[in-house]
1. Does the stretch C:60-81 hold any residues that are within 7 Å of chain A (Cβ to nearest Cβ) and among the hydrophobic types (A, V, I, L, M, F, W, C), and which are they?
2. Being outside the structural domain of A:K381 (by TED's automatic domain parsing), in contact (Cβ under 8 Å) with a residue 40 or more places away in the chain and either under 27 Å from A:V308 (Cβ atoms) or out of contact with any His (no Cβ under 9 Å at 6 or more places or on another chain) (or both), is that true of even one residue in the stretch A:443-455?
3. Which of the residues spanning the stretch A:699-716 are assigned to a strand (DSSP E or B) and touching a helix residue (DSSP H, G or I) at 6+ places or on another chain (Cβ under 6 Å)?
4. Tell me the residue from A:A153, A:A159, A:A165, A:A148 that is in contact (Cβ under 8 Å) with a residue 24 or more places away in the chain, in contact with a Cys (Cβ under 7 Å, 6 or more places away or on another chain) and within 14 Å of chain B (Cβ to nearest Cβ), please.
5. Being of a type outside the set (V, I, T), surrounded by 15 or more Cβ atoms within 10 Å (Cβ to Cβ) and farther than 17 Å from A:V758 by Cα is the filter here, so list the residues in the stretch A:605-644 that pass it.
6. Go through the stretch B:338-415 and tell me which helices (runs of 4 or more DSSP H), entirely inside it, have 1 or more residues that are more than 10 Å from chain A (Cβ to nearest Cβ) and on the phi < 0 side of the Ramachandran plot.
7. What number goes with the only condition from (1) of a type in the set (A, V, I, L, M, F, W, C); (2) within 14 Å of another protein chain (Cβ to nearest Cβ); (3) touching a Gly at 6+ places or on another chain (Cβ under 7 Å) that A:C719 does not pass?
8. Would you say A:A973 is small (G, A, S) and within 14 Å of another protein chain (Cβ to nearest Cβ)?
Amino acid sequence: MSTRLSCGGRLIDRRAPRDFSFNGKKMRGFLGDTLASALLANDQMLVGRSFKYHRPRGIVAAGPEEPNALVGLGVGSRFEPNQRVTTTELFQGLTATSQNHWPSLEYDVGVVNNYAARFLPGGFYYKTFIHPRFAWKHVFEPIIRRSAGLGKAPIDRDADRYEQAYDFADVLVIGGGVAGLQAALVAGRSGARVLVLEQTAHWGGRAPVDEAEIGGLTADEWIRNAVEALEGMQNVTLRLRTMGAGVYDHGYVLAEERIADHTPADGRPRKRLWRIRAAKVIAAQGAIERPLSFAGNDVPGVMLAGSVRDFVVNHAVAPGDRTVVVTNNDDAYRTAILLVEAGLSVPVVLDARAAADGELPRRARAMGIRVETGRGIASVKGGKRVTGVAVCAQAGQGAVLETIACDSVAMSGGWSPIVHLWSHCGGKLIWDEVNAHFRPDPDRPPTGQDGQGIVVTAGSASGALTTDAVLRDATNAAGGTDAPEAAVPQEAPVAAIWVMPQGAGPELRAKMWLDYQNDVKVSDVQLAAREGYTSVEHTKRYTTLGMATDQGKLSNINGLAVLSQALSIDIPQVGTTTFRPPYTPVTLGALAGEARDDIFQPLRRTPMHEWHEAHDVEWEPVGLWRRPYCYRRPGETSHQAVMREVSNTRTNVGLLDASTLGKIIVKGPDAGKFLDMLYTGMMSTLPVGKCRYGLMCNEQGFLSDDGVVARIDEETWLCHTTSGGADRIHAWMEDWLQCEWWDWQVFTANVTEQYAQVAVVGPNARKLLEKLGGMDVSKETLPFMQWQDGTLGGFRARVYRISFSGELSYEIAVPANEGRAFWDACVAVGAELGAMPYGTECLHVMRAEKGFIMIGDETDGTVIPQDLNLGWAISKKKADYLGKRGQERAFLASPDRWKLVGLETLDGSVLEDGAYAPAEGLNANGQRNTQGRVTSTYFSPTLGRGIAMGLVLRGPDRMGEVVEFTKLDGSLAKAKIVDQVFYDKEGAKQDV
Amino acid sequence: MRRYSVFAIAREAMRHHTGWERAWASPEPRASYDVVIVGAGGHGLATAYYLGKNFGITNVAVIEKGWLGGGNTGRNTTIIRSNYLQDPSAAIYDKALSLYENLSQDLNYNVMFSPRGLLMLAQTHHEVRGYLRTVHANNLQGVKTEWIGPEKVKELVPIINIHGPRYPILGALYQERGGTARHDAVAWGYARACSAMGMHIIQQCEVTGVRSEGGQVTGVDTTKGHIGCKKLGIVVAGHSGQVAAMAGFRLPVESMALQALVSEPIKPCMDVVVMANTVHGYMSQSDKGEMVIGGGTDGFNNYTQRGSFHHIEETLRALIETFPMISRLKMLRQWGGIVDMTGDRSPLISKTPLGNCFINCGWGTGGFKAIPGSGWAMAELVAKGEPGPLAAEFSIDRFKEGRFIDESVAAGVAH
Amino acid sequence: MLILECPHCGIRAEETELAPGGEAHLKRFGPGSSDQEFEDYMFARKNPKGVHFERWRHAYGCGKWFIAARCTATLEVFGTYPAQTAAPPQHIIDAVKTRRPGWEGYK
């Protein structure tokens, strides 16, 4: 059984017990435990079920490489699936539940897959479930989906919050083991601004576990000194619990800091996402131990040898009483020695190599530990827990030589550098024959904006596997020369042994796990190779090797090795799959940051925003603005409100907050010439004091924006744009001025937010302005399509006589900070004139009644002004304007284009939004031919009937013709083609 | 080709799966072929497959510089739909969808086509009108789609938040036949079927030059030597510009990075595909349980298969706003693909200045869903030398005439 | 996440401050040009896998347009210069040639 040892445990505080529960069972650990060590201390080795076969699984590793031990953590709005117990710090009240089983962890019905495993080899689903056709969707897929997946889906909205922060460093050190600390010391002493990140809650990494001696000190002492020295440097920042997640282009680094993961609901953000720019990144993430592939290497109780040491030294937890060590290298002997020193039993060390004469094996033998060379494990005994191992010759086919009882197995297949951060942005790897691993190729680093390397690795991340080599490499990486000395035992090289025994037959290979979580076995990789999925990417995808939540940290190299053997090619020829960020999974909430709910996106408010909010507004998002859609009085539907607003505006007076309308000042000696290029019409000839409607097209010729232009003075024009278009059009102007006509003397300024703008619309509009007083707004002084500066009700105002409704209408711009007061004044004096505010929908109905086009409704990016009968707004005199050449192309100049018309249903009903007019027959693809479509359709309260505009094939030539339009219920509506202006065709009402 | 079935699996299980034959052969190239297709992605392989199946042309080589299916076919978010606004798009995507519906049976390879339904959320009035227009258009095109209200959206997607404070959900365009498929399997299934017809799929073979004489292609130079051909099809997505340049013509195409990511797998919680264009995000759940999430396209030319992080950030903000429960899930893996964007964001299936050379590219962010239809139309073009009705509108001439097929008009629809 | 130095204000701007504007040094063709010229102006793009000249606007900074010489395969930046020029300046050409000796030159 796994137990807590009576003494030791460098990271735990035995005076600080922590109660927690696992599957409802009360358990106790200590401050400093991980959930993994606490579970093991409570003899909870079985922690989950595998993905495909639902096999019982225990803790294999002690760090982020753990593939099996994933649990659901927390409850309700703090529930999180797939939490890795090996990286979860224990806290009081922690609640964990195991995953992927039914009805319970111990008795899982899904394990039936395990018994059927031989029928479910890698990629089996591609070969079956093909017939009958409907069965995949309705039978097989639902079963597979329920069986797959790991943790339960959260249900509630996340109760935690997340934040993001930026940091900058000359040197960013990722990894706080001795390599990272040494690199930071060197960099820090040079005066560079240094930032050091460590994913765990402790500095020092593995060195103390491996009992390294550095400069005559114990590893713990050296680490303490190093951290103290670094903390004493003003130019160095240290961050624990911060995982370097990814290196992106041009040296952008993401890191995730766990702030309150171990202190839930303490009011702090749960996690913080760091976005870091560093001149140089030193990746010192260490190395990961590889499992060995032998039958039953997934039985709970089989662990990585180094991880066994982690638990013993750091947490005083022994994974078993009797531990068989199996290895292809010297390092694993440290585990055997440590266990025996801790008073535990190691019945045998099985070393697959022919000889084991290094210093560590000699020391083990001297302690009386039985060492068997040339031996391997034929199979592991036990189901939910190891009960013993069958020993075989490594060279043979697995004939059992003896069976040894044990309750845990410590395995070591050698160590692989963690190359993720090196590789994310294109750093290349080379195969190291001596150490049997891929390591970064220093000559082919990932490069940044200057083409130079942006990442160097330090320590075991470079492939240095002994403490002295680690310190030397780290010192070099940071540009130093003097590395501290470390006393290390002489180690014999690892043997490139992947599968145990060498001649294992199919029965055994089908029980050797490569990817524990995804249940990929040696036999699956060999099958993939046999079937021609020989590219490493094919093998990965066909078998799902390395695609689990550990992203192949344990399985990738072993898988490559098995594939290379199956293909009889060298491992470097097989190559690796691509390393993608993040290094370990990052919480989506942290990636999104604080921008949630109300602050999901910036909200642009007009000066009158609060007034609308206080007056029953129904909002409509328009870009980042919100505009009043309508103002719903108690008891009204939105539609009723809109109808009331239209009628009131047409009979009395309406007030519209038009502040979102784009306002761009164009000024300079060449401003007129510039605007003549920008607009289809002639703007240079517009007299000062007058307004003119203008259209802007893109170079393709398609209509992109419209608005009224006012000539302010000899050199100044003010261009109104659509609400959504202000920023786009301003950028468009600057594009042409800076990149094409840079010698033209023109300045532009987007003053949209400098002014509040109120449209006063309706027969009583003039009266309202007269009540405000201060300006002569009579027809004579301020006729239609002119503007004037003045004072209205004490406000500095620019008054435009323009109309988008067909009514007598003024648009009044006042300084933004006076906008609310001006609006209030209009509301106050308008009360006895029947003034009511109106929203965008009323605006739309009124403009449709007048046959005015709306950008985005009548246009969609494929419509040219000529389609909309707006030829009158296109100057015939100009040699050029933006879009003119585009409009001359065959398809745009064709007489057979769909053109704008009015549409009147025969029965007065409202045509449906987006309806099409079918034409006779089918096209070559069997689709119904069409001859037009509705672009705007409303119920007009003014006319008491449905009105619409639409684009119809040669529409203006077909006045009076009745055309049918589609309805969603499949029937058709008949509509007569009419003039697009439904209301006040003569324009008498707006020009009074 | 030995057929796949549950019986075959049972038979093989008894002998430890030692009897499975290679899914596709790995031959050395012959000196020449009737047709050479450059690019063994989904579109290239599908082209070859339908050349054989529909036209009996099997003396075909599909050459690939990397591994088959290793480009965008293996990097996309696997969404399949045909609810396109413009007639030519709806025609080819719906052809593709119909072929997907029977593809597993046709190829004897389970591509896991899962018609689980697809929703495109409307979150502004403008978007509502755009999607209504699409429904009307689809009805006339014979593509069954419908407009559904927010309650129905909530019923189909219980994890959705329809009352977001900024962009409440006003309804959705719903295509019940839409869904997903297993992307790798599509490439593998076509490759296996092509190989079974005797076609050569030649991987690790990069084209280094295109030889022509008198306006006709005579063959291609490759890293495995010269390969002659009577007809050439270029189906290389993001690298189309490179190969076209070798053939001596330019394309209205730019290559940009598009990103995607997956979460850790969880038990089934969403049975449909959801796209939210106002806030820029789309999401589905794979059969494995991962939430598959698509991000935005960079606005600059890029061949690195990596993209800019801020797109991921924006996408996740949008999706957490739409699906608050995903906040505590974790991003497992992010990656990028190179998408080939044309001037109107619609594809090219076209003749070229060289008489016997044909191009299929420009699928942008929408390529996977088109694969069978694209291959079908391209095979017809290659076989007959003239486009059939599916391909006719996608010719390269449209840019000169200004005859665009612009799908963004409905409501800024992403693929 | 690219970093480009704005040649107008000297800021080393991160991509999120910048708006991309596509291939640089396009010659505008207006009325009177042939269909082919206009089509090329609108659509024909070099789209090279390698050295590329492209427009950027320092949109959330000084607002100015500039041009970057950048490798689309490695994202290496050879230099930036103001957009007010019809062809890349010599020092940029030199910078590219130094770091990409095999480069065919600006065409």
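The values are calculated or read from the model by the stated rules, or taken from the named source; none is laboratory data. All of these numbers come straight from a predicted model, not from anything done at the bench. FYI the Cβ positions are ideal-geometry reconstructions off the backbone, even for glycines, and counts take in every protein chain you see.
1. Correct list: C:W65, C:L75, C:V77.
2. No, because not a single residue in the stretch A:443-455 is outside the structural domain of A:K381 (by TED's automatic domain parsing), in contact (Cβ under 8 Å) with a residue 40 or more places away in the chain and either under 27 Å from A:V308 (Cβ atoms) or out of contact with any His (no Cβ under 9 Å at 6 or more places or on another chain) (or both).
3. A:L703, A:D705
4. A:A153
5. Result: A:D616, A:E618, A:W619, A:E620, A:P621, A:G623, A:R632, A:E636, A:A641, A:M643, A:R644.
6. In the stretch B:338-415, the matching helices (runs of 4 or more DSSP H) lie at B:371-384, B:389-392.
7. (2)
8. In short, yes.
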